[in-house]
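Enquirer: Right, I'll just put the structure down here and ask away after.
The values are calculated or read from the model by the stated rules, or taken from the named source; none is laboratory data. None of these values were measured; they are calculated from a predicted model. Don't worry about glycine lacking a Cβ; one is built from the backbone with ideal geometry, like all the others, and counts go over all protein chains shown. Each accessible area value is taken on the protein alone, full model and side chains, heavy atoms only, with ligands, DNA and RNA left out. Shrake-Rupley method; radii C 1.70, N 1.55, O 1.52, S 1.80 Å.
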Amino acid sequence: MSDGKTGLQLRSLIKKSGELEISLVNVPTPEPAEDEIVVRIEGSPINPSDLGLLTGAADMTTAKASGTKESPVVTAKVPDAGMRAMAGRLDESMPVGNEGAGVVIKTGSSDAAKALMGKMVAMIGGAMYAQYRCIKARDVLELPAGTTAAEGASCFVNPLTSLGMTETMRREGHKALVHTAAASNLGQMLNKICLKDGIGLVNIVRNKEQADLLRKIGAKHVVDSTAPTFMDDLTNALVETGATLAFDAIGGGKLAGQILTCMEIAANKTAKVYSRYGSSVHKQVYIYGSLDPGPVELNRAFGMAWGVGGWLLFPFLMKIGAADGARLRQRVVAELKTTFASHYTKVVSLQEALALSNIAVYAKRSTGEKYLINPNKAG
């Protein structure tokens, strides 16, 4: 444990020479301004969205370790093709970690800040893979007494993304959803929300283990994209649910187009009249992740009433405004130990997060392999 005046922070640097460097830096902890607090971070998850900044476009099969046990350094090569995408961050040492939770150890002079002293809070805003974080009091979520940092660490990204999906569905006039990579931590949350709220959800997974996992938590419609009957299975699930909106975590490849094709077949099965332009039912796929970074392949066999676009949590929260955003956050707090419970396969220190054996696991982004960093765990 450090004294709080300085603390370790994980940094990711991509050099113009084409090398990624991940290291730990000792940084001074800022004095909180009147409306700020200092949090000792005790849990911060490694989400797919964090890996984009942590490892960038580096080829992690080339990763090498150096430095000491207390201060490890990891380097890896960034292929030439990846360097173009990294142009905006070259030679800039960047702190990592979108969200986390911990205990307030120091506050500014405002009443709102002082009221949080000693409380467990969850927060989002970057630089969370660090022992201490100074942040505005209004930007944290006070957690109920008895909540652990591990329970509160994933309060924002996955819970608000999954709630954002059902909220988008309602706002855009759809009645049911499709989700890909559906056995993920987020996918399991989405199933719990949809079961609780009576929303039809079609889950697309890649293997039997993932399908079994979802059925065990009550998922009604699960289809395996590797099965020879996939298109028929998906179409049948779409007929049963009436889903015309999909959220796709995969991005690249044929899946978005396959979903639209099956939605079109499902719509035509229930259509009253034939139209040579295809069904008039609007079918929408929102790509919100890039597990496959390749091109999106659309084989246009789904009429003319369709859309494919990007969807991100923060622009969505900006669009719905503060009051509705607060309503979603309150639901997360109320159901933190049920609907929005996260499960981690391993808790690591900052030093252990830089161990090549751990990077090899979490950088794969595999379903069911979620790591939690506790920056104040001894390395």
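Enquirer: Only residues that are in contact with a strand residue (DSSP E or B) (Cβ under 9 Å, 6 or more places away or on another chain), of a type in the set (A, V, I, L, M, F, W, C) and more than 20 Å from G368 (Cβ to Cβ): list them for region 212-242, please.
Expert: Matches in region 212-242: F230, L234, A237, L238.
Rundown of residues vs (1) touching a residue at least 24 places away in the same chain (Cβ under 8 Å); (2) within 15 Å of F156 (Cβ to Cβ), yes/no style:
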| position | (1), (2) |
| --- | --- |
| G310 | yes, no |
| L313 | yes, yes |
| K319 | no, no |
| R329 | yes, yes |
| V333 | yes, yes |
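Enquirer: Which pairs do you get when a residue that is over 20 Å from M165 (Cβ atoms) and hydroxyl-bearing (S, T, Y), found in region 264-290, comes within reach of a residue that is at pLDDT below 90 and part of a loop (DSSP other than H, G, I, E, B), reach meaning Cβ atoms under 7 angstrom, with the pair 6+ apart or on two chains?
Expert: Between residues of region 264-290 that are over 20 Å from M165 (Cβ atoms) and hydroxyl-bearing (S, T, Y) and residues that are at pLDDT below 90 and part of a loop (DSSP other than H, G, I, E, B), the close pairs are S279/A271.
Enquirer: Are any residues in region 337-379 of a type in the set (S, T, N, Q), assigned to a loop (DSSP other than H, G, I, E, B) and closer than 17 Å to T68 by Cα, and if so, which ones?
Expert: The answer is S349, and nothing else.
Enquirer: Checking the conditions here, which among D197, D139, D224 is buried (at least 16 other Cβ atoms within 10 Å of the Cβ) and acidic (D, E)?
Expert: Going through D197, D139, D224 in turn, just one is buried (at least 16 other Cβ atoms within 10 Å of the Cβ) and acidic (D, E): D224.
Enquirer: From (1) open to solvent by less than 20 Å² (accessible area, probe 1.4 Å); (2) farther than 17 Å from T166 by Cβ; (3) not in a helix (DSSP H, G or I), pick out the condition that doesn't hold for P295.
Expert: Of everything listed in (1) open to solvent by less than 20 Å² (accessible area, probe 1.4 Å); (2) farther than 17 Å from T166 by Cβ; (3) not in a helix (DSSP H, G or I), P295 misses just condition (1).
Enquirer: In region 192-214, what count of residues is obtained for those that are more than 25 Å from R170 (Cα to Cα) and either without any contact (Cβ under 8 Å) to a residue 12 or more places away in the chain or under 22 Å from the mean Cα position of the chain (by Cα) (or both)?
Expert: Here the count works out to 7.
Enquirer: Now for a different question. Open to solvent by 80 Å² or more (accessible area, probe 1.4 Å), over 30 Å from G257 (Cβ atoms) and small (G, A, S): is that true of A378 in this structure?
Expert: Yes; evaluated as a whole, the condition is true for this residue.
Enquirer: Oh, and also: Could you grab me the full set of residues in region 234-261 that are over 14 Å from N203 (Cβ atoms) and in a helix (DSSP H, G or I)?
Expert: Once the filter is applied, which keeps residues that are over 14 Å from N203 (Cβ atoms) and in a helix (DSSP H, G or I), region 234-261 yields T235, V239, A256, G257, Q258, L260, T261.
Enquirer: Within region 111-122, work out how many residues are open to solvent by less than 30 Å² (accessible area, probe 1.4 Å) and in contact (Cβ under 8 Å) with a residue 60 or more places away in the chain.
Expert: Selection size over region 111-122: 3.
Enquirer: Evaluate the following for M94: is it among the aliphatic types (A, V, I, L, M), farther than 26 Å from L336 by Cα, touching a helix residue (DSSP H, G or I) at 6+ places or on another chain (Cβ under 9 Å) and surrounded by fewer than 16 Cβ atoms within 10 Å (Cβ to Cβ)?
Expert: yes
Enquirer: Looking at region 245-264, is at least one residue over 14 Å from G303 (Cα atoms), at pLDDT 95 or above and in contact with a Lys or Arg (Cβ under 9 Å, 6 or more places away or on another chain)?
Expert: Yes, that holds for at least one residue.
Enquirer: Continuing with this model, one more query. Only residues that are buried (at least 23 other Cβ atoms within 10 Å of the Cβ) and under 14 Å from Q131 (Cα atoms): list them for region 9-23, please.
Expert: Hits for region 9-23 are Q9, L10.
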